[in-house]
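Engineer: This structure is in structure tokens; I'll ask about it shortly.
The values are calculated or read from the model by the stated rules, or taken from the named source; none is laboratory data. Every value quoted in this text rests on a predicted model; they were computed, and no experiment measured them. Here the Cβ positions follow ideal geometry from the backbone for every residue, glycine too, while neighbour counts run over all protein chains shown.
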Amino acid sequence: MGMEEVLIEKGTVVEKVGKIVKIAVPRKAECERCDSLLCNKSPGEKVFLEIECDEQLHVGDSVEIQIFGKQLVKISFLLYFIPLVILVLGNILLLQLINSVILAFLISLLLIAAFYFTIWKTNLVRTKPIINKIQSSSEIKDYFTR
């Protein structure tokens with residue numbers, strides 16, 4: 001069997017409502033060198049993930065989150081590549097029909113917005129990462145009260 005790439009992050013459960021857990025994951029130093037314009041790049045701050053989880057977790061539990069490389073590629077493809085194709089092909093095809101650059105561009109942007117809305121409504125990019133409890137909040141309290 002081949003090895004599969006897995007992204008592993010450690011975090012702490014900060015909130016739980018039903019099966020949805022909110023996990024605080026510390027930013028890594030690599031965030032400073034990231035070219036993404038979508039997030040804050042300062043290390044030390046926390047990223048919050050909301051994940052549906054069947055495991056019995058409680059606020060304060062330390063957890064390890066595993067996401068497979070295949071899932072990251074699928075998400076990246078859906079969120080970045082397909083909208084780019086919609087923009088380019090939309091502009092090319094609409095320019096043939098409308099003969100107005102601005103109108104073709106605006107309609108292409110509306111098509112991208114509709115695509116993202118569809119992804120959001122259908123939860124198409126929702127992945128089910130593996131969450132393993134490392135240490136429960138009660139174990140942490142017991143350690144410090146000895």
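Engineer: Can you work out which of the residues in the range 61-105 that are among the small types (Gly, Ala, Ser) and free of Cβ contacts under 8 Å to residues at least 12 places away in the same chain is nearest to residue 5 (Cα to Cα)?
Structural biologist: 76
Engineer: List, please: which pairs have Cβ atoms under 7 Å, are six or more places apart or on different chains, and start with a residue in the range 45-60 that is farther than 19 Å from residue 128 by Cα and end with one that is β-branched (Val, Ile, Thr) and part of a strand (DSSP E or B)?
Structural biologist: Cβ pairs passing all conditions: 46/25; 59/13; 59/14; 60/12; 60/13.
Engineer: Still on this structure, I have one more. For the range 42-78, enumerate the residues that are more than 14 Å from the chain's Cα centre (by Cα), hydroxyl-bearing (Ser, Thr, Tyr) and either loosely packed, with under 12 Cβ neighbours inside 10 Å or at pLDDT below 85 (or both).
Structural biologist: 42
Engineer: Would you point out the residue of the range 10-41, among those that are more than 25 Å from residue 59 (Cα to Cα) and under 14 Å from the mean Cα position of the chain (by Cα), that is modelled with the lowest pLDDT?
Structural biologist: So the residue we want is 38.
Engineer: A further question on this structure: Can you tell me which residues in the range 80-105 are loosely packed, with under 15 Cβ neighbours inside 10 Å and under 27 Å from the mean Cα position of the chain (by Cα)?
Structural biologist: Within the range 80-105, 80, 81, 82, 84, 85, 88, 89 meet the criteria.
Engineer: While we're here: Tally the residues that are surrounded by 15 or more Cβ atoms within 10 Å (Cβ to Cβ) and modelled with pLDDT of 85 or more, restricting the search to the range 117-146.
Structural biologist: Within the range 117-146, residues that are surrounded by 15 or more Cβ atoms within 10 Å (Cβ to Cβ) and modelled with pLDDT of 85 or more number 1.
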